[in-house]
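Notes for the one structure printed next.
All of the numbers you see were taken from the coordinates with simple rules; none came from a lab. Predicted model only: the values in this text are computed from it and were never measured. Note that we place each Cβ from the backbone using ideal geometry, even for glycine, and neighbour counts take in every protein chain shown.
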Amino acid sequence: MPSEQARIVALLDELQAAESAGAEALSRWITSCREPALRGGLRLIAARDESHAALAELRLRALGAAPSARASRALVTLCGTLSASDVSDRSKLAVLLARFPEQLYDPFAELVRQIATDDETRVLLETIGDDERVSIRWLRTIRAALGA
């Protein structure tokens, strides 16, 4: 089993790649988004994703590693859908939200519980998880408001 630091480095590397890809896809979606309220919220979520990517990369480098991960094939596919100008905003919302269970979503809960020696990374992941939950809750709210 890899060491705690090796697991943390791998997680931070995957996180920076995923958040960067998500921010880019959301930025593209914003340019074709026809719903002003949705567009406004997407801007905030894209900014959060950019920030999460930057913070993960900074922490990764502080731990002596360099980013090398790429977004997964599944994420690249999702990002392609979100970026597509010929896919409706409502369809994009449905596809995006289908990835997350209806119950409270905590993407890092198990990993955070396993971090015993790196408080900085643990708190970083807890806080990013809080942002993710807020974003998902808002996306569900706007989907309902749009009647999607």
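The table that follows gives values for the structure above.
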read-out	value
Environment charge of Ala65, counting only residues whose C-beta is closer than 11 Å and scoring Lys/Arg +1, Asp/Glu -1	0
For the chain, calculated [θ]222 nm from helices alone, where every DSSP H run of n ≥ 4 adds -39500 (n - 2.57)	-25000 deg cm²/dmol
For the stretch 4-146, size of Cβ-based charge dipole, Lys and Arg +1, Asp and Glu -1, in debye	600
Degrees between helix 36-62 axis and first principal axis of the chain (Cα, 0 to 90, nearest 10)	10
Percentage relative contact order, the chain, counting C-alpha pairs under 8 Å, at least six apart	28
